[in-house]
Amino acid sequence: MSESVRVDRNGAVATVTLDRPQAMNALDNSTKVDLRDRLHELGADGSVRAVVLTGAGDRAFCTGQDLKEHIALLQADDPAPLSTVAEHYNPIVLAIATMPKPVIAAVNGMAAGAGASLAFAADFRVAASRAVFLLAFARIGLSVDTGSSWTLPRLIGHAKATELAMLAEPISAQDALAIGLVTEVAPDEELAARAAALAQRLAAGPTIAYGAIKAALHFSAGVDLSTALTREGELMATTGASQDHKDAVAAFVGKEKATFHGR
């Protein structure tokens, strides 16, 4: 594991921290590889029932591609920059969006470029008051990547997504909350605790059902109603056969609070 990605466990919650505060948690090649691999591992780990993604320090969540490394590679005629979307960014965003458990982005500062896109891919975004979102791609003559063409319109609508992507103007945490881009805005000093509390709540919930809900919502985005209904039925059958569902029904009948074990 590289020193730029840190994974900490607290019970069933895993916190993934991008730990390059001196570079505003920008993504160089080793960080991208490690982030991709750690997310895949956490997705497959049944003992992990919720994941928090955040950045180290108080300046940035993640400012996207490390442009210093990017420029150096371009000047050296290294082909790596041409393949990084397929090799790194696409697998990273797929790992977040399709992970069969909730993912929370604890946005502690600037989230720019691919860093903003990573937050958009999460299921929940808890932002510090100082947080800022910026789709900066157009500023350097690039299209969007890391899934924001798919996630952002679904979060805030096509027109607003076009505005954020083309005009490339920063948006504050408070304005992001107003348009539905973030789940909650927390005082800066309370961000970690608020995100942890949400993660613990989700980790104690019906993990299989959460994964099925994610799958149903993503699937329905690209199909007609009839096809979506068929998929809903399949996922309902899966969750209906889960031990969590059986335990919850028994608790309901017994007028007790359900306890979920993620199976």
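Brief remarks follow.
- Exactly one residue among 50, 80, 56 is at pLDDT below 95 and either in the same structural domain as residue 105 (by TED's automatic domain parsing) or in contact with a Leu (Cβ under 6 Å, 6 or more places away or on another chain) (or both), and that residue is 80.
- Of the strands (runs of 3 or more DSSP E) lying entirely inside the range 44-163, those containing at least 3 residues that are in contact with a helix residue (DSSP H, G or I) (Cβ under 9 Å, 6 or more places away or on another chain) and over 16 Å from residue 15 (Cα atoms) span 132-134.
- Total residues in the range 183-222 satisfying the condition of being closer than 17 Å to residue 98 by Cα and not in a helix (DSSP H, G or I): the figure is 3.
- Here residue 218 fulfils each of the conditions (1) under 30 Å from residue 131 (Cβ atoms); (2) crowded, with 16+ Cβ neighbours inside 10 Å apart from (2).
- Test: residue in the range 242-254 that is surrounded by 13 or more Cβ atoms within 10 Å (Cβ to Cβ), in contact (Cβ under 8 Å) with a residue 40 or more places away in the chain and either assigned by TED's automatic domain parsing to the domain that holds residue 107 or not in a loop (DSSP other than H, G, I, E, B) (or both): yes
- Only one entry of 142, 191 meets the criterion of being over 20 Å from residue 94 (Cα atoms) and surrounded by 15 or more Cβ atoms within 10 Å (Cβ to Cβ), and that entry is 191.
The values are calculated or read from the model by the stated rules, or taken from the named source; none is laboratory data. Please read these numbers as outputs of a predicted model, since none were measured by experiment. Positions of Cβ are backbone-derived with ideal geometry, glycine not excepted, and every protein chain shown enters the neighbour counts.
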